[in-house]
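Only one structure is covered here, and it is reproduced in the block below.
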Amino acid sequence: MAPVLPLVLPLQPRIRLAQGLWLLSWLLALAGGLTLLCSGHLLVQLWHFGTFLAPSCRFPALPQVALAAGAVALGTGLGCAGASRASLDATRYPPWRGVLGPLLAAGTAGGGGLLVLALGLALGLPVSLDQGLEEGLGTALAHYKDTEVPGHCHAKRLMDELQLKHHCCGRHGYKDWFGVQWVSSRYLDPSDQDVVDRIQSNVEGLYLTDGVPFSCCNPHSPRPCLQSQLSDPYAHPLFDPRQPNLNLWAQGCHEVLLGHLQDLASTLGSMLAVTFLLQALVLIGLRYLQTALEGLGGVIDGEGETQGYLFPGGLKDMLKTAWLQGAVAHRPAPEEAPPEEAPPKEDLPEA
Amino acid sequence: MALLKVTFDQKKRVKLAQGLWLMNWVSVLAGIIIFSLGLFLKIELRKRSDMMDNSESHFVPNSLIGMGVLSCVFNSLAGKICYDSLDPAKYAKWKPWLKPYLAICVFFNIVLLLVALCCFLMRGSLESTLAYGLKNGMKYYRDTDTPGRCFMKKTIDMLQIEFKCCGNNGFRDWFEIQWISNRYLDFSSKEVKDRIKSNVDGRYLVDGVPFSCCNPSSPRPCIQYQLTNNSAHYSYDHQTEELNLWVRGCRAALLSYYSSLMNSMGVITLLVWLFEVSITIGLRYLHTALDSVPNPEEPECESEGWLLEKSVPETWKAFLESLKKLGKGNQVEAEGADAGQGAEAG
């Protein structure tokens, strides 16, 4: 059985490998820590904007998985740093011998799996963010007036604070406010003819106006904010509704929030890619170091040349050994074959 | 009789020197912190200097910056001295400078205490600067066409939104000034003409406020105009309505913000002052202990360290005597008068 990708490692290259591995492990720990911080920040931002994201949106899964992946990468980095430091010192290496195998397996399976999953999510989820924001902002706009309805009483304050802080108005523009009733019926005078006309003018009986809330106002505008009668050219002096409105914020909150969250997600994605690369390098290097030292029988300063390898035999041979061992263990109940090995290896027990 | 005498053996001296070296480097860090606090305060004051008519006093942040730099310099020098004091050869070259250096340290500590106290006392002058500056700022709210003042509207709006405040003392300050520019008034309207004629200066005064006074926590959409007219709005009573606009005045809001900043800076500076005083005392003990070593060839012997060689009143008398002697040396021609003075006081 030929080892996979063997590499001859005399003493000096072994020492170099261990030192380089130590450095890379600390870099991996740093990258893992930064990924943790980045995903924590994204989670906090998503919590802030919770009301504007539809509950069915799956986007929060990305920072949660990235958090786990970052934690595992941090742990792997610290563990590998300790292992490579110990491999340079003959007295400290023996306790690490037993730990290295499980550490490598956990790092590859757990860390690698999580990282791949997180990268996949980082590429695929931002599309669902668009949909979630569309729904969430629509609901927030519709519930702006419901300041006395339990469950929605904070919608007005949160929407106002969003528009003030992020300099946006409505979903895609200020005209979105013309299509919802944002004045609570509690403050509408039922005896006022104008109110009655407006309510009767549409099918759903909503009080629709061509006005916007105060939080849409742009302080950079030279004139005091015009919030009402925005479609009427004669209502205000020197005001033409057909010109772009400089009074109010021009951007819609959907674009602003989407850009903000997508920026954070892409930063997180690039951090995850870097962590993945570093983790792969560290785990491969540690595997070579481990197998080289096993070849010497665990004696660090051995002057002899040994071989480091990734797997002791070819992949097929490894699977065959695993299948045979599995078959021996399951002899009393031969119908319970390991499911993943069964289809290609049916003929092997006969052979 | 020496003040607070302590006996030092070789080990104790070495420990004192090492401890002082470490404390001095921690103190350099503290000096950097004070420097950055002063810088932060200076930047915060500059950010809102429009609200203070550009006449605010930068005494506190400037002195914090100066103290931070001086602390870094003095403490790194003291650290070097403490490091060298472990080696008699190196210490010998510092010996003549130590006494004046300690005097400078004492003076520096006194000034640091004064700066820390100033942090707490600046509130009064800041209050009057803010009141004056905000009043003027609000007057220029409408001058968005006048070069040099066109930014005032934006500044005041952002201030009211950020600090959750309205007007100088309250929202009624807006009723007394014209905050809508003439450019956007329709002079053919009867209502506008009535309002302009209703006061001596011909200003368009309304019982309304700018949009930035609105409180987002209010359950109803913001009412900005006709605030004192209950019948203009459905189910509205201006005397009981509290949530519609921000209730606090911007002067109180800004004052409380700057006060809390300066109070915390004052507390940190006081803590650093205490630390510096302990370093000066330690350095004095080290200086006297090393000086009073009877035989320099025998470093293992014990020596005594003290704060003052004689008790406080005796030291004060000796200090005055040395000042008089200095005066006598300088004024040769008035020797007779000086001798007369010496005879009277001695």
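The values are calculated or read from the model by the stated rules, or taken from the named source; none is laboratory data. Keep in mind that this is a model prediction, so the values were computed, not measured. Positions of Cβ are backbone-derived with ideal geometry, glycine not excepted, and every protein chain shown enters the neighbour counts. The protein model used for the area step is the full one, side chains on, heavy atoms only, and it has no ligands, DNA or RNA in it. Shrake-Rupley method; radii C 1.70, N 1.55, O 1.52, S 1.80 Å.
For the reader, a short list of remarks on this structure follows.
- Tallying residues that are among the aromatic types (Phe, Trp, Tyr) and open to solvent by 30 Å² or more (accessible area, probe 1.4 Å) within the stretch A:212-238 yields 1.
- For the stretch B:195-219, the set of residues classified as without any contact (Cβ under 8 Å) to a residue 40 or more places away in the chain, within 11 Å of another protein chain (Cβ to nearest Cβ) and under 22 Å from B:MET158 (Cα atoms) consists of B:VAL206, B:GLY208, B:CYS214, B:PRO216, B:SER217, B:SER218, listed by residue number.
- Looking only at residues in the stretch B:242-255 that are closer than 17 Å to B:PHE211 by Cα and among the hydrophobic types (A, V, I, L, M, F, W, C), the one that is surrounded by the most Cβ atoms within 10 Å (Cβ to Cβ) is B:CYS250.
- Residue within the stretch B:97-117 that is closer than 30 Å to B:LYS80 by Cα, among the basic types (Lys, Arg) and either modelled with pLDDT of 90 or more or in contact with a His (Cβ under 8 Å, 6 or more places away or on another chain) (or both) present: yes
- Selection status of B:LEU112, open to solvent by 50 Å² or more (accessible area, probe 1.4 Å) and closer than 28 Å to B:THR129 by Cβ: no
- Scanning the stretch B:150-194 for residues that are more than 9 Å from chain A (Cβ to nearest Cβ), touching a Phe, Trp or Tyr at 6+ places or on another chain (Cβ under 6 Å) and not in a helix (DSSP H, G or I) yields B:LYS164, B:CYS165, B:CYS166, B:GLY167, B:GLN178.
- Here is the figure for the stretch B:1-30: residues that are in contact (Cβ under 8 Å) with a residue 60 or more places away in the chain and touching a helix residue (DSSP H, G or I) at 6+ places or on another chain (Cβ under 6 Å) total 10.
- Among residues that are within 14 Å of chain B (Cβ to nearest Cβ), more than 34 Å from the chain's Cα centre (by Cα) and farther than 26 Å from A:TYR187 by Cβ, A:ARG242 is not included.
- Residues located in the stretch B:130-178, provided they are within 20 Å of B:ASN54 (Cβ to Cβ), among the polar types (S, T, N, Q) and surrounded by fewer than 20 Cβ atoms within 10 Å (Cβ to Cβ): B:ASN136, B:THR146, B:THR155
- Criterion: loosely packed, with under 14 Cβ neighbours inside 10 Å and within 30 Å of A:SER191 (Cα to Cα) - qualifying residue of B:GLN224, B:GLN239: B:GLN239
- Identity of the residue in the stretch A:131-167, farther than 23 Å from A:LEU206 by Cβ and either in contact with a helix residue (DSSP H, G or I) (Cβ under 6 Å, 6 or more places away or on another chain) or β-branched (Val, Ile, Thr) (or both), that ends up farthest from the other protein chains (Cβ to nearest Cβ): A:LEU133
- Here is the figure for the stretch A:282-306: residues that are modelled with pLDDT of 80 or more and of a type in the set (S, T, N, Q) total 2.
- Residue list for the stretch A:10-48, filter: over 24 Å from A:ALA71 (Cβ atoms) and either among the basic types (Lys, Arg) or open to solvent by 10 Å² or more (accessible area, probe 1.4 Å) (or both): A:PRO10, A:LEU11, A:GLN12, A:PRO13, A:ARG14, A:ILE15, A:ARG16, A:LEU17, A:GLN19, A:GLY20
- Residues that are among the hydrophobic types (A, V, I, L, M, F, W, C) and within 18 Å of B:ARG220 (Cα to Cα), drawn from the stretch A:176-205: A:TRP177, A:PHE178, A:VAL180, A:TRP182, A:VAL183, A:LEU188, A:VAL195
- Neighbours by Cβ (under 9 Å, 6+ apart or cross-chain): first from the stretch B:151-165, more than 18 Å from A:LYS165 (Cβ to Cβ) and touching a residue at least 12 places away in the same chain (Cβ under 8 Å); second among the acidic types (Asp, Glu) and open to solvent by 70 Å² or more (accessible area, probe 1.4 Å): none
- Verdict on A:LEU230 being under 30 Å from A:LEU129 (Cβ atoms), among the hydrophobic types (A, V, I, L, M, F, W, C), in a loop (DSSP other than H, G, I, E, B) and more than 10 Å from chain B (Cβ to nearest Cβ): no
- Lone qualifier among A:SER56, A:SER87 - being small (Gly, Ala, Ser), surrounded by 18 or more Cβ atoms within 10 Å (Cβ to Cβ) and farther than 16 Å from A:GLY269 by Cβ: A:SER87
- Meets criteria (more than 7 Å from chain B (Cβ to nearest Cβ) and within 16 Å of A:HIS143 (Cβ to Cβ)) for A:GLY170: yes
- Among (1) surrounded by 16 or more Cβ atoms within 10 Å (Cβ to Cβ); (2) more than 12 Å from chain A (Cβ to nearest Cβ); (3) more than 30 Å from A:TYR234 (Cβ to Cβ) - the single one B:VAL267 does not satisfy: (1)
- Tally of residues being surrounded by 18 or more Cβ atoms within 10 Å (Cβ to Cβ), of a type in the set (Gly, Ala, Ser) and part of a helix (DSSP H, G or I) across the stretch B:55-109: 5
- Any chance B:SER278 is under 31 Å from the mean Cα position of the chain (by Cα), more than 30 Å from B:GLU56 (Cβ to Cβ), loosely packed, with under 14 Cβ neighbours inside 10 Å and touching a residue at least 24 places away in the same chain (Cβ under 8 Å): yes
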